[in-house]
1. Just order 64-72, 120-128 by mean Cβ neighbour count inside 10 Å, highest at the front, would you?
2. By per-residue mean of other Cβ atoms within 10 Å, what is the highest-first order of 86-99, 177-190?
3. With θ set to phi - 60° and the Karplus curve 6.51 cos²θ - 1.76 cosθ + 1.60, what are the ³J(HN,Hα) couplings of region 49-59 in order, to the nearest whole Hz, using x for Gly and Pro?
4. On a 0 to 90 degree scale, rounded to 10, what angle separates helix 83-94 from the longest Cα axis of the chain?
5. Residue by residue through region 176-187, what is 3J(HN,Hα) from phi via Karplus (6.51 cos²θ - 1.76 cosθ + 1.60, θ = phi - 60°)? Round to whole Hz and write x for glycine and proline.
6. Tell me, what ³J(HN,Hα) does each residue in region 224-236 have, in order and in whole Hz, if you take phi through Karplus 6.51 cos²θ - 1.76 cosθ + 1.60 with θ = phi - 60° and put x for Gly and Pro?
7. Between Met22, Met222, Met60, which gets the highest mean-square fluctuation from a Gaussian network model of the chain, Cα cutoff 10 Å?
8. Expressed as a whole number of Å, what is the distance separating the alpha-carbon centroids of region 176-197 and region 6-67?
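Laboratory data are not the source of any read-out in this text; all were calculated from the coordinates shown. Since the model is a prediction, treat every value here as computed from it, not as a measurement. Note that we place each Cβ from the backbone using ideal geometry, even for glycine, and neighbour counts take in every protein chain shown.
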Amino acid sequence: MNSEAPAKPGHLHPVTSAIREMCLIFGKLGFSVAQGPELEDEFHNFDALNVPPDHPARDMQDTFWIKTKPGEKRHVLRTHTSSVQIRFMEAITQGALGPQPFKIVIPGKVYRNEATDATHEAQFYQLEGLYVNKTVSMAELKWVLERFFKEFLGPESKIRFRSSYFGFVEPGVEVDVWFRGKWLEVVGAGIVHPKVFSAAGLDPNVWKGFAFGFGVERLVLMRYGIDDIRHLYSGDLRLINQF
Ligand code: YSA
């Protein structure tokens, strides 16, 4: 610990309380919370999400690969929470009730082999969302995200979509949020790619969906005006005790 002041009893880390608050906001919009493993196989982290074999995200520099013997299934520390989209849909297809509409959010730790700086950690949290039903639109996606940001960052926040590429959605967008006079890029999102449904065992001719994912710490930094992500994990109680 860098600080001599003891932690105040009952205090939660700002990232923990942000995740709880985010889940409550999405809960009011009908989303339940789902979870999945942090040690993931290549299929759930990349293949099933239509991330091509030569995509740079699979590179040694970006991903923590677990050592395996030749011929063994390759494992990674998950690089995003999108892997849980596949796990949840697999569970739905194998469940007693069979395929059905659902809305979930997935908060969780993810890992990337990168040099840390003011906005990058090698271990951080994402919050993923997935809504699956027989018809789902970009307009609904926009409404849900706007409702979320108005509650989490304040009623003056608004959002805009810019087209972008992620293998697991088509169309794909980056979402910018208007906060304290600036547009900030905070979310990846889009309409679930039919190949993702097929990989998870759901019929893409029947099921449609939207998905989104964002970095939790980046939103905590914005909301509280903290200038460096590393402060959150320095163990300095002078920071923690302010929340
Ligand atoms: C996209 C489309 C979907 O339908 C669903 C999810 C997504 C998001 C996608 N899985 C993804 O991981 N995109 S991302 O690489 O751009 O990361 C998402 C967010 O994580 C970023 O916007 C950023 O807020 C945060 N992030 C990324 N690298 C980070 C980081 N936060 C802290 N440290 C890092 N090193």
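1. On the way: 64-72: 9.3, 120-128: 19.0.
Per-residue Cβ counts within 10 Å, averaged per peptide and sorted highest first, yield 120-128, 64-72.
2. Numbers: 86-99: 14.4, 177-190: 17.1.
By packing density, highest mean first, the sequence is 177-190, 86-99.
3. Once θ is set to phi - 60°, the couplings for region 49-59 become 8, 6, 8, x, x, 9, 5, x, 4, 7, 4 Hz.
4. The answer is roughly 40 degrees.
5. These are the phi-based 3J(HN,Hα) values: 9, 10, 7, 9, 6, x, 9, 8, 10, 7, 10, 9 Hz.
6. 9, x, 8, 9, 8, 4, 5, 4, 5, 10, 7, x, 7
7. Comparing Met22, Met222, Met60 in the GNM, the peak value goes to Met60.
8. What the calculation gives is 16 Å, centre to centre.
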